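Visitor: Structure incoming, see below.
The values are calculated or read from the model by the stated rules, or taken from the named source; none is laboratory data. What you see is a predicted model; the values in this text were computed from it and never measured. Glycine gets a Cβ as well: all are built from the backbone with ideal geometry, and neighbour counts include every protein chain shown. Only protein heavy atoms, including side chains, enter the accessible area calculation; ligands, DNA and RNA are left aside. Shrake-Rupley method; radii C 1.70, N 1.55, O 1.52, S 1.80 Å.
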Amino acid sequence: TDKPVLLPRLPPALPLLLVLLALLPLPALAQTQACKQPAPVCDARQAVFAVSAFDPVGSAVRRDESRLVTARHVVADQEEVTLFLPDGQPLTARVIPTDYRGDLVLLEAAELPPGPALTPAEPGPDSALFTVGADVGRRAIHAYDPGRLHFAPPPDRPLARLHHSAYSQPGNSGGALVDADGGLIGIVASGGEGRFEAIHATAIAALE
């Protein structure tokens with residue numbers, strides 16, 4: 001089936017163990033897994049990381065040398081999250097407090113090694129869109145099959161979501177929604193049964 005599987009809420013002691021078991025056995029996950037999507041989409045995996053906080057598994061997108069953005073519901077009220085490098089090494093990332101009202105939050109990871117960041121872009125009406133996020137089953141940062149834009153948020157509704165049909169599943173929240181050129185269209189938020197939502201990339205500037 002192509003319906004997302006809903007993961008049950010895990011006991012507090014299990015989230016970190018779950019992610020470690022999923023990620024540690026395979027080195028350089030984002031760079032070595034096969035990818036059948038366009039090259040810029042596959043390359044975008046290097047800017048996306050698995051994280052564990054309130055949600056046992058989520059994703060985060062690099063903004064610059066040490067900062068990342070993720071969905072606030074992945075973090076909830078946690079002050080720190082565990083971020084996993086491609087080789088499975090865990091880092092502690094600090095949540096940067098803001099008064100932003102939407103489902104976005106910034107993270108600061110001082111020990112984050114150098115790497116690419118994604119540049120915000122606007123989707124065209126016929127653009128192919130791809131979810132890039134942490135996939136526990138594959139133990140990798142994965143680029144999923146493409147979908148299309150359904151509705152863009154209206155300019156006068158800054159907290160409205162972008163609606164699309166690019167497949168995503170639990171663990172992808174906070175990951176990247178990109179176009180075929182690797183441009184960052186949005187931050188993955190939620191969805192299911194062919195209807196998916198993302199937070200438009202323009203909201204990141206308001207958050208920052």
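Visitor: Of all residues in the range 87-123, which are acidic (D, E), open to solvent by less than 60 Å² (accessible area, probe 1.4 Å) and either farther than 20 Å from T202 by Cβ or without any contact (Cβ under 8 Å) to a residue 40 or more places away in the chain (or both)?
Guide: Hit for the range 87-123 is E108, nothing else.
Visitor: Quick one: would you say E80 is modelled with pLDDT of 95 or more and open to solvent by 80 Å² or more (accessible area, probe 1.4 Å)?
Guide: Working: modelled with pLDDT of 95 or more: yes; open to solvent by 80 Å² or more (accessible area, probe 1.4 Å): yes.
So E80 passes the test.
Visitor: Which pairs do you get when a residue that is without any contact (Cβ under 8 Å) to a residue 12 or more places away in the chain, found in the range 61-85, comes within reach of a residue that is surrounded by fewer than 14 Cβ atoms within 10 Å (Cβ to Cβ) and not in a helix (DSSP H, G or I), reach meaning Cβ atoms under 8 angstrom, with the pair 6+ apart or on two chains?
Guide: none
Visitor: Then there is this: Which count do you get for residues in the range 124-140 that are at pLDDT below 95 and either in a loop (DSSP other than H, G, I, E, B) or open to solvent by 20 Å² or more (accessible area, probe 1.4 Å) (or both)?
Guide: 8
Visitor: Still on this structure, please answer the following. With the structure loaded, tell me whether V51 is farther than 30 Å from R148 by Cα, of a type in the set (V, I, T) and either outside any loop (DSSP other than H, G, I, E, B) or touching a Pro at 6+ places or on another chain (Cβ under 8 Å) (or both) or whether it fails that test.
Guide: Considered against the rule, which asks whether it is farther than 30 Å from R148 by Cα, of a type in the set (V, I, T) and either outside any loop (DSSP other than H, G, I, E, B) or touching a Pro at 6+ places or on another chain (Cβ under 8 Å) (or both), V51 comes out as no.
Visitor: Does F54 fit the bill of being surrounded by 14 or more Cβ atoms within 10 Å (Cβ to Cβ), in contact with a helix residue (DSSP H, G or I) (Cβ under 9 Å, 6 or more places away or on another chain), in contact (Cβ under 8 Å) with a residue 60 or more places away in the chain and farther than 22 Å from A206 by Cα?
Guide: When the stated conditions are applied, F54 does not pass them.
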